[in-house]
Amino acid sequence: MTFSFSVILMQVSADLQSEGAFSQLVRYFNEGGLFMWPVLICVILGLAIFLERLVTLNRADINTRQFILDVKEALDSGGIPAAQELCASTRGPVASVFNAGLLRADEGFEAAEKAIISYGSIEMSFLERGLVWLSLFIALAPMIGFTGTVIGMVEAFDAIESAGDISPSIVAGGIKTALLTTLAGLIGAIILQVGYNYCVSKIDRLVVEMEESSIVLIDSISAMEKGKSVSGGDSTNG
């Protein structure tokens, strides 16, 4: 089967070079049979989730270092209300976590720290929303493709049994159709896997920024309680 799959892959590449790519893909899709449809649905749904996460994560990404400096200046110039106003007008999980901590700042930095930790977990769950479904479609696409291939091979051997002959002309079309489902499933899974890994790396970076900036905010609240200047020292090296 490995040899046959390689032959099919080489034939697909050659045909795509000789004909229009889109029309050729449509023809292969039709030749793949009914199992091409669930594979296509998995890829479409997975891409939809990826694009939604891509837009959300890009909107959540801000210049964290500059934001921390702005919050410190706001704390020194206008106190906690000014910092809260700045956080409310800034998008992203870092600003939301800061706002949650500032809301409890009047109760002491320990209460603010608890609020930051709790709200940080909520923001992280928001960032990861939908990724479990994306990983499901990554697994389903090749599995459906393999299922279509196995069924196609069974049909090919049924044709051999009915004809009482092992002539290549009897099974070549069936085997090609069967292997096309595997090819489609693998290509779809590869595309979705790249998108999934990009989202995970983006989320990891945002989580690290939330954790590091939260430490800076807690230190700033502690400094305010002691009557010290918040922006006097450089606490943004995280």
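The values are calculated or read from the model by the stated rules, or taken from the named source; none is laboratory data. None of these values were measured; they are calculated from a predicted model. Glycine also receives a Cβ, built like all others from the backbone with ideal geometry; neighbour counts cover every protein chain displayed. Accessible surface areas use protein heavy atoms only, side chains included; no ligands, DNA or RNA. Shrake-Rupley method; radii C 1.70, N 1.55, O 1.52, S 1.80 Å.
The table below lists the values:
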| item | result |
| --- | --- |
| Within segment 72-89, tally of residues that are under 33 Å from the mean Cα position of the chain (by Cα) and open to solvent by 40 Å² or more (accessible area, probe 1.4 Å) | 5 |
| Only one of 161, 209 that is at pLDDT 80 or above and either out of contact with any Asp or Glu (no Cβ under 8 Å at 6 or more places or on another chain) or of a type in the set (D, E, K, R) (or both) | 209 |
| Scan of segment 211-229 for residues that are open to solvent by less than 70 Å² (accessible area, probe 1.4 Å) and either closer than 11 Å to residue 105 by Cα or within 35 Å of the chain's Cα centre (by Cα) (or both), ordered by number | 213, 214, 216, 217, 218, 220, 221, 222, 224 |
| Subset of segment 103-135 that is under 26 Å from residue 223 (Cα atoms) and outside any helix (DSSP H, G or I) - its residue that is most open to solvent (accessible area, probe 1.4 Å) | 104 |
